[in-house]
Amino acid sequence: MVAGRSRAFHHREFSLESLAAAKRGRRVSICLPARDEAATVGTIVRSVLTGPIAASGLVDEVLVVDDGSTDGTAQVARSAGARVERAADVLGQHGGGPGKGQALWRAVAASEGDVIAFLDADVTNFRSWFVAGLLGPVLTYDDVAFVKAFYERPLDGQATGGGRVTELVARPLIAVLLPHLSGIVQPLAGECAAPREVLERLPFASGYGVEIGLLADVGSRYGLGSIAEVDLGVRAHRNRPLSELAPQAVAIVQVALERAGMMARGQAVANLVMPGAVPVTVSSGDLPPLVDVPAYTRRTA
């Protein structure tokens, strides 16, 4: 791998069958953090547990971490065949309340795999190559510490235009504060994969800044050459209104400032005021590396 920059792949470079052979005894977990995704999570889980993915023997576990859903997400996921854990039940003495970073951190703690791949639970066009593409580099190359997806994102019926927070917040922040990450195509992609031993050693930002935080921490700890990016084609999902995106953007700003050394970690508190809406308080904070948590014991099958 070229030192100092990430390496790009296309999902067509990896087949389910070849990756199953490349596992070399390693267990693979697919983890989906989910909050109120009953409309889509069942289809994704069934797609992983049946059909070509199941036939290949590549995936050993599908885990859904339910992050406080009120719409039956847990029941749908369980009926589709996933193991379901409530986020609050996993190392509940650490941190509190919902948050994407918390759900990812607890997914690592609750999963069994030697290699872990995260899928977003709101994708509406899930395909088997999402799994093969994410797992391909980390199962094939020993020097890959982290895999990030990239893709086209439709918006309002148009082929492109999604990823508004990426283009308007994350990419400008990276250009100014973390320019060494500027070559990463999709810095906020929730679809990623890594060896467990890497994820266990990283702090996880508790909220929506988790993706940029992990990317920055992997780059600083393992080097950009340890990061692989995989083209997954087109990813369609539920596009959220600006009222939901604004708090996410604040969290990303906080974590970027922290990772750039311009703000002490865990001390940022912002009161987001939007006209006609109830103010939202957004706080930063990291969950510790799991290897530093005395109560953490890796789950085994």
Of the numbered conditions (1) buried (at least 19 other Cβ atoms within 10 Å of the Cβ); (2) out of contact with any helix residue (DSSP H, G or I) (no Cβ under 8 Å at 6 or more places or on another chain); (3) over 26 Å from ASP36 (Cβ atoms), THR297 fails exactly one; give the number of that condition.
(1)
Could you count how many residues in segment 14-32 are out of contact with any helix residue (DSSP H, G or I) (no Cβ under 6 Å at 6 or more places or on another chain) and buried (at least 21 other Cβ atoms within 10 Å of the Cβ)?
3
Filter result for GLU244 (without any contact (Cβ under 8 Å) to a residue 12 or more places away in the chain, in a helix (DSSP H, G or I) and at negative phi):
yes
Yes or no: segment 161-178 includes at least one residue that is touching a strand residue (DSSP E or B) at 6+ places or on another chain (Cβ under 7 Å), modelled with pLDDT of 95 or more, under 30 Å from SER283 (Cβ atoms) and crowded, with 21+ Cβ neighbours inside 10 Å.
no
Could you list, in sequence order, the residues of segment 53-65 that are buried (at least 16 other Cβ atoms within 10 Å of the Cβ) and over 17 Å from the mean Cα position of the chain (by Cα)?
ILE53, ALA54, SER56, LEU58, VAL59, ASP60
Looking only at residues in segment 40-52 that are free of Cβ contacts under 8 Å to residues at least 40 places away in the same chain and more than 17 Å from the chain's Cα centre (by Cα), which one is farthest from TRP105 (Cα to Cα)?
THR50
ALA236 touching a residue at least 12 places away in the same chain (Cβ under 8 Å) and farther than 22 Å from GLU191 by Cβ:
no
Which of (1) out of contact with any strand residue (DSSP E or B) (no Cβ under 9 Å at 6 or more places or on another chain); (2) touching a residue at least 60 places away in the same chain (Cβ under 8 Å); (3) buried (at least 21 other Cβ atoms within 10 Å of the Cβ) does ALA216 not meet, given it meets every other one?
(2)
Suppose we filter segment 190-204 for residues that are at pLDDT 95 or above and under 12 Å from the mean Cα position of the chain (by Cα); how many remain?
6
So, GLU112, is that one over 23 Å from ASP143 (Cα atoms), not in a helix (DSSP H, G or I) and not aliphatic (A, V, I, L, M) or not?
no
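The values are calculated or read from the model by the stated rules, or taken from the named source; none is laboratory data. It should be emphasised that the depicted structure is a prediction, and the values quoted were computed from it without experimental measurement. All Cβ positions, even for glycine, are placed from backbone atoms using ideal geometry, and neighbour counts span all protein chains on display.
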